[in-house]
Every structure is written in structure tokens, then in C-alpha cells.
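Rule-based calculations on the coordinates, nothing more; no lab input. From a predicted model like this one, the values you see are computed outputs, not experimental measurements. Cβ: placed from backbone, ideal geometry, glycine included. Neighbour counts: every protein chain shown.
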Amino acid sequence: MDTLVIQTLNSIFYAAVLFLIAAGLSLIYGVMRIVNLAHGTFYALGAYVSAWAVGTAFGLGASGSGNLVLAGQLLLLPLGAIAVAAVGAVIEPTLLRPLYRRPEEYVLLITFGMLMILEDAMKFLFGGTPLSAGSIMDSMGSIRIGSLLYPSYNLVVIGVGIMAAIGLWWFIYRTRFGIILRATSQDRRMASALGLNVGRVYVQAFAIGCFMAGLGGAVVVPAQAAVLGMGVDALILAFVVIVIGGLGSLEGALVGALIVGFVRTAGIQFFAEIELAVLYLIAAAVLLVRPTGLFGKA
Amino acid sequence: MPAARTGPSVPVVLAVAVPVIVAFAVLPRVVDLYQTELLIYGLTFAIAALGFNLLLGYTGLLSFGHSAYFGMGAYTVAFIVRDLHVQSMELCILAGVLSTFVIAALFGYVCVRHTRIFFGILTLALSQVLWSLAFKFFWVTGGTDGIRVARTGITLLGGLIDFKGSGSYQKFVYAYYYYVLALFAISAALMWVIVHSPFGKALQAIRDNEIRAGFVGIRVRRYRWIAFVISGCFTGLAGVLWVPLNGLTTPDILYWPFSGEIVFMTVLGGFRTFTGPIVGAIAFNYLKVYAVASSQYWQMVLGCVLVVLVMVLPTGIVGTLARLGGKLRRG
């Protein structure tokens, strides 16, 4: 019973991180019709920047274990997300905007080029060794679930995931900017004709998408160290999530992340060898039966 | 009814192709062993890119999962050499292309139901199924260590040429160069015939306007499927030829960034032309080898090349040269 609770929590933890990444990917696709192959790398960049910020400000070891230090470290974590959003805000007008008139293959290719550049930029900036902010996880301790212990920090991540889902939903469906975003997504030309500054909406949407990816990296780094190549792995899982849920759909990203989270946890437990293969096959099956995903609109 | 001829006539094509093949045949006498080896890699990738371009350039479908077929060819060879002790390269080619045919027919049947970005994601997802299997079933595939395929265990031309004893490395490189060159020439000729056949013309019609192509009676999905399978088989052949040269096959060649490299090669050369992928593959191979040798940040070098290419030279090397040539001729 206790194990079941812990495995459920693990699934939700995993789903929360995946949701953050996939929601950003889905938002960018929904508004701009761009499949961003560098999105996983943005996630990795967020993880690196946060780990670096925490490590530089507070030393590599857990120098102090006071509550003040912990609070400081937690406050530094979102820095990764902000940095990635800034990178996104620079990339969209310089690299992506000149290509919107061309066939979509070119945009896909340029995001692949961005991936290669960013991967090496991270290697250059942060070195080849893994960076961790594990001191946060250590100093937060763990809580008791039945007879087992569970790290408290994982609950924080789950909380961030839930808050991000609610926040994003509110942002898209309840604010004026959300209306503009949805209008641009539905008909770019019409939105432009009605006097909206589509170029600015695109920068903002891309930056928000990047922010979500960076946030995913920032919250995961106290639990798992940032390593080279983590973005390339994450991207494919984020794809699986949005393919299952429906490209461009927020609800889809949430449900997709939960499905992938639970299947993955069950997979590791019961069918470790084909755990990843099963996920890709689910994605392929959904794409075959319902190309727009479970929640997508054509 | 005589078919209307399009494109360059046969004598013109031969007048270009024969000197190029002859030049390739003479090259190992001029350049050293290492350069010869690099050229073999280049020619192998050229076969893969040629196959890939049947989909991208001629059918208008961007596959982001061609690593699957390259890897399928490579792993088939590794399996039959290790488990069935097959030595003959011809048998390897037969088995490799056959297994790629099966997997491409299966994946293609699923993928051609969609176009554009969905097609890309579907090919990507299916290729990653193979990757995760190769990665996880380590007691069969060796996991990340891969499977070693020693060149000493390989014979060419039905056992006529083997590579045992001293100086075998040199012998292997030279013999294998001509072997791959011959297969490359056959593949290129075959692809030329395919894209200039009525079938190839139908593919281009589908690329340009799917609905109209359907109206004139082309069975769009069936044609796309056939193109997909042919494309996969060419890439599979490239994977087969690559293994003895590399001496090792690892899950990296099934992982999706390798699919990206195949796309990169094709765009580097220019996917609107027949020769583009060939030039692109050979150029990409050199570019990558020298970038890796000169900097640990080679990925960044390649990434910058790709970005500049897409922004400034979207028609690739061949397309740009053709445009410059046209300008010069007009004065």
C-alpha cells in the first residue's frame, strides 16, 4: 500500500516535470505552428542555469543548513526559467522570424541547428561534469508515508506543476493577452488585420514557451543533476506527451503528461525493457487513430 | 504513345556521370589511405541521402526517422555476422536490405496516412521504438556498447577477397572503396531511373499538388507508401555498407539526432536537385570529421553551418552553384 502511494507520487512528480516541458512545446506549436526541436535543450539550459546559480551563490556543498539558506536557494531556482525565456526572446526575432514565409521544413531545420549550437554552448559554459543543486533536496528532508520515507522536495515539484497548470489555464482563458494569443493562433492574418501586433505576440508566446521549458529544468535540478544530453532525451518524451494529448492543446498536455508519467512508472516496475518502446507505440497508435490527439481540434 | 521525355537526355547524363565515376575510381591513387576511408564513409552516406531525398525532394515528405532504416540495415548485419557466422558481404546486403524492406513497409504503411508535420513526428516516434529496443535489450544488442563487426570476418564477392593476415587494413580500405563505389554507382543509376520514370513523375505531381494528382487517377497513398519503402531500402543499404567500415554498430545510429544528420546532409547539398544529396553527404562527412578533429565544440560548428545554410543558402551547395552558373552564362 505504501509502495503504491509512493509510486503514484513518483508518477505525478514525473508528470509535473513533463507537463512543464510539454506545455511550452504545445503552446509554441499552437500559436506559431513551429515544432521546436530545441525545446528539450531549453529545458536542459534551465536546469544548468539554476544549478549554476544555486552552486555559485551558496557554494557547492551544503555550507549552511539554516532555513534562510534554503529559502535563498529556492528563490534562485526560477533564475533558470527567466534566463531561458530571455534566450527565447532573442532567438525568435533573429532566427525564426525571417523563415515564416518559407516551407515549414526550414523552420524545423533551424531549430535542429539551434539544438546543436545550444548543446555545445552549455558544454562550453558549464563544463562536461554534471551540475546539481542536490543540497536543496537534502536540506528539505523527507516526510513519512506509512513506513516509508519520501523526499519533501518532490512534493514541491508536484505543487509547482499544479500551479503552472492552473496559472497557464487562467492566463490563456481568462486574460486579455490570452484572448489575443488564441486569436493569433486561430487566424494569424485576421488578428493582424484587426490591428494586433502579431510579431510581438509571437515573441511573447515563444518566450513563455521557453520559460515553461526552463522552469521544468529549474524544478528538476535539485532532484536530478543537469547532464549533457538530458534535453535530447526529454524532447522525445515531451513529443510523446503532446502527440497523445493533441498538438497545441493545454488540457492535452496535462492528460498526456499524466498518462506518460504513470505508464513510465509502471513500466519501470513491471516491463523495464520495453518501457520506452511502449510509450512511443502509444504515441504512434494515438496519431494513427486520432491524428489530432485526445484533446486536439483539427 | 511515346512518353514525353523530360530532364537531360541519356547521352548528356552519361557524359557527366562517367567522368565523375572515373575520377572517383582514380582518387585512391592520388589521395592517402585516410582520405580514401573518409570517401567511403561519404559514399555510404550519399546512398542514404539519395534514398532520403526520394521522400523529401521528390515526394515532399520530411521524414525525421530515417535513422531507423540505416540502423536496421546495420544491426541486421551485426546480428547475422555474430549469430549466424555469415561472412559474405553479399549475403549481408541481401539480409540487410530485406529486413529494412520489411520494417520500412510496416512503418511506411502507418506513416503515409499523414503528411507534413504529423508525418515527421510519426516517423520520429516509430524510429525511436527501434532505438529504445536496441538501447534496452542489451543482452541481444549489447546496449550502448553495441555489437562489434570485425572486418577480418568479412569477405567480398562471394569469398573471392578476404582480409586476413598482415597488411589487411590497407587491403580492406582499397578493396572496400571500389566495392562501395560500385554499389553507389548502381544505386545512383537506379534512383535516376526511378525519379525519371512515370512513377517518379507521379511522385512529383503528388508533391506539387496532392489533390490534383488524385484527380488524374494517381493512387496518392499507395504511391507514397512505395516511395517510402524504396527510400528506406536505400538508406538500409547504406547502413549495411557502413558497418564493416565502422567496425561497430551502436544505438547512436538509431537515435533521432542521426535522422537529423541525414536531413542536414540533404539540405546541405540541396534537396531540389538529384545530385544535391550526393554532394551534401560527402561534404557533410568531411565537415563533421574536420570539425570533430579541430574542436571539442564541433556540434556548435555544425549547428552554425546549418543555421547559415537555412538562412542564406536554402538551395544548398548544388542549388547555389547552379544559380551562379546560370548568372555567369547570361553574362
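Counting alpha carbon pairs within less than 8 Å and at least 6 residues apart, what relative contact order, in whole percent, applies to segment A:24-228? If you can, show how the numbers build up before the last one.
Numbers: 276 pairs, mean separation 93.0, N = 205.
Here the relative contact order equals 45 percent.
For the protein assembly as shown, what proportion of DSSP beta bridges, expressed in % and rounded to the nearest 5, is antiparallel?
90 percent
Find the percent of Cα-Cα distances in segment A:24-228 that exceed 29 Å, and round it to a whole number.
I get 33 percent for the Cα pairs in segment A:24-228 exceeding 29 Å.
Show me the ranking of peptides B:172-185, A:164-177, B:139-152, A:32-45 by mean Cβ neighbours inside 10 Å, starting with the highest. Mind dumping the intermediate values first?
Numbers: B:172-185: 18.6, A:164-177: 13.9, B:139-152: 15.9, A:32-45: 27.6.
Per-residue mean Cβ counts within 10 Å order the peptides as A:32-45, B:172-185, B:139-152, A:164-177.
Counting partner chain Cβ atoms within 10 Å of every residue's Cβ in A:240-250, what's the average?
1
List the residues whose amide H sits under 5 Å from the amide H of A:S142, counting only those 5 or more places along or on another chain, with H placed 1.01 Å from N in the peptide plane.
Correct list: A:S152.
May I ask you to evaluate 6.51 cos²θ - 1.76 cosθ + 1.60, the Karplus curve with θ = phi - 60°, for each residue of segment B:312-318 and list the ³J(HN,Hα) values in order in whole Hz, giving x for glycine and proline?
After applying 6.51 cos²θ - 1.76 cosθ + 1.60, I find 9, 10, x, 8, x, 4, 5 Hz.
Using a 10 Å cut-off on Cβ to Cβ distances, tally the other chain neighbours for every residue of A:280-286 and report the average as a whole number.
On the way: counts 10, 5, 1, 7, 11, 2, 1.
Averaged over the peptide's residues, the number is 5.
Report, in deg cm²/dmol and to the nearest 500, the calculated mean residue ellipticity at 222 nm for chain A, where each DSSP H run with n ≥ 4 adds -39500 (n - 2.57) and the sum is divided by the residue count.
So the helix-based figure for chain A works out to -24500 deg cm²/dmol.
For segment B:27-330, what's the relative contact order in percent, using C-alpha pairs closer than 8 Å and at least 6 residues apart?
Once divided by the residue count of segment B:27-330, the mean separation gives 34 percent.
Run lengths n ≥ 4 of DSSP H only: what is the helix-derived mean residue ellipticity at 222 nm for chain B, with -39500 (n - 2.57) per run over all residues, to the nearest 500?
For chain B, the value works out to -24500 deg cm²/dmol.
From the Cα gyration tensor of the protein assembly as shown, with a ≥ b ≥ c the square roots of its eigenvalues, which class applies: rounded if a/c is under 1.5, or else prolate if a/b is larger than b/c, or else oblate? Write out the running numbers ahead of the final one.
On the way: a/c = 1.86, a/b = 1.46, b/c = 1.27.
It comes out prolate by the Cα gyration axes.
Residue by residue through A:98-109, how many Cβ atoms from other chains fall within 10 Å of the Cβ on average?
4
Ranked from highest to lowest mean number of other Cβ atoms within 10 Å per residue, what is the order of the peptides B:253-263, B:196-206, A:113-123? Walk me through the numbers on the way to the answer.
Details: B:253-263: 24.5, B:196-206: 17.8, A:113-123: 22.5.
In decreasing order of mean packing, B:253-263, B:196-206, A:113-123 become B:253-263, A:113-123, B:196-206.
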